[in-house]
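Here is the structure we will look at.
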Amino acid sequence: MTTPMSAHHHLRVNGQRLWDSIMAMAEIGPGEQGGSRRLALTEEDKQGRDLFIEWCKAENCSVTIDDMGNIFATRPGTDNDLPPVCSGSHLDTQPHGGKFDGIYGVLAALEVIRTLNENDISTRAPVEIVMWTNEEGSRFAPAMVSSGVFAGLFEKEYAYSRTDSQGKSLRDELEKIGYLGAQRCGDHPMAALFEAHIEQGPILERDNHQIGIVIGGQGQRWFDITITGQDSHAGSTPMPGRRDALVAASGLIRAVQKIALEHGPHGVGTVGEISVSPNSRNTIPGEVFLTVDLRNPDDAVLGQMRDRLGEHCTSISDSHNVQINLDEIWHNPPVRFHQDCIRAVSDATRALGYGHQEMVSGAGHDACQVCRIVPTSMIFVPCEGGLSHNEQEHAEPEDLEAGCNVLLHAMLALAGR
Ligand code: HGY
Ligand code: MN
Ligand code: MN
């Protein structure tokens, strides 16, 4: 059921107010090089959440928090028995995060509600903002864990048991910041979900388009790998007898690069974390822990990449006389978004006259989890140089405004008058 855009075709968001809100949020948990550092469930994350809720209440939204700390801010419709049309993203960031990854999607949804309120526009279905806990998966792996619980992809107890590098559990940290809400995660009805996000890649900027009509997301597999050799003396241990875990790790890091390139053009592979024990300059490292992130839009090819990783682990283990424990901690298959939501985004984009193209998301998003149970799609806008997960992340105000106008009209189309 959609309302033709002509019902409110004149309506536009306030791009300056959106930009100012993004900049105000960036004041909380600033990074050292101009970006943001609000790791999930830290004091900075709490402060960002508190500010967001303050803004939502100023718009007379009712606020619900579920037991994964997901926040739902609801603007009533004329028929509140209808499930809400939702939009949102995340406020947690990478350690060297930018000002826009996630934050744009949450505050674009807020800007939609601000625009509806100031123009006194009523919708049949309620309109709702959602802020998902721990999208990044940097402090607590895996990523998108709370939208994953919401979508029934993870058990809550599994999510609660995730620990950070200090051994602190997700549940304890959620309780500590006061965001362990009452509503059972997953009990919240949704008619549809949109997520506006910077592309985090180079395609829109290269093709000089303002809007990405996102039709799905690629698959990803995450691994924890422990390499066990033998601590021994750097001076007196002959080279042939060494069981050097770090030299073995160097072979594995090269192998991940090779696997990605062998499965091009879309295969990607990254070793993002590594720790060495005992990490002493005159002791041969006896143990190395590292993480591997493999992605591909084709699940069969992603499976082949995983198989190749296993083969490389076996051959490196033999050639370096070390043990390698390969633990796959997460498999997120590729997803396709819902045709009705894609069409709502596409119709709004065309009616607004923005340059656009269809695309599959390279990055993971909460929308890629929730789409398994709720009609969902995404709206991308370009970011400078395609750079993200970097403090220099930047997006142009007019592109952010364009994406938010598309979001406004896509939501109006589904929420009805
Ligand atoms: O890993 C991702 O793609 C997202 O940034 N969590
Ligand atoms: Mn994100
Ligand atoms: Mn991210």
Restricting region 85-127 to residues that are among the acidic types (Asp, Glu) and in contact with a Leu (Cβ under 9 Å, 6 or more places away or on another chain), which is nearest to ligand 1 (Cβ to nearest atom)?
Asp92
Out of the residues in region 75-121 meeting the condition of being polar (S, T, N, Q) and touching a helix residue (DSSP H, G or I) at 6+ places or on another chain (Cβ under 9 Å), tell me which one is surrounded by the most Cβ atoms within 10 Å (Cβ to Cβ).
Thr93
Scan region 112-127 and report the pairs whose first residue is under 11 Å from Leu408 (Cα atoms) and whose second residue is outside any loop (DSSP other than H, G, I, E, B) and among the polar types (S, T, N, Q), with Cβ atoms within less than 9 Å and a gap of 6+ or a chain change.
Val112/Ser87; Arg114/Ser21; Val127/Thr74; Val127/Ser87
Counting only residues that are closer than 30 Å to Asn321 by Cα, give me the strands (runs of 3 or more DSSP E) lying completely in region 137-236 with at least 3 of them.
219-228
Exactly one of (1) closer than 16 Å to Asp224 by Cα; (2) assigned to a loop (DSSP other than H, G, I, E, B) is unmet by Arg243. Its number?
(1)
Can you confirm whether Asn332 is under 25 Å from His188 (Cα atoms) and at pLDDT 95 or above?
yes
Residue among Arg171, Arg184, Arg124, Arg162 that alone is surrounded by fewer than 22 Cβ atoms within 10 Å (Cβ to Cβ), within 18 Å of the chain's Cα centre (by Cα) and over 29 Å from Met359 (Cα atoms):
Arg162
Can you tell me which residues in region 269-300 are surrounded by 18 or more Cβ atoms within 10 Å (Cβ to Cβ) and either without any contact (Cβ under 8 Å) to a residue 60 or more places away in the chain or aliphatic (A, V, I, L, M) (or both)?
Gly269, Val271, Ile284, Pro285, Gly286, Val288, Leu290, Val292, Leu294
Unmet requirement for Ala7, which otherwise passes all of (1) in a loop (DSSP other than H, G, I, E, B); (2) at pLDDT below 95:
(1)
Enumeration of residues in region 294-336 that are within 16 Å of ligand 3 (Cβ to nearest atom) and under 22 Å from Ile215 (Cα atoms):
Arg295, Asn332
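The values are calculated or read from the model by the stated rules, or taken from the named source; none is laboratory data. Remember, it's a predicted structure, so these values are computed and weren't measured experimentally. Every residue, glycine among them, receives a Cβ derived from its backbone with ideal geometry; neighbour counts consider all protein chains shown.
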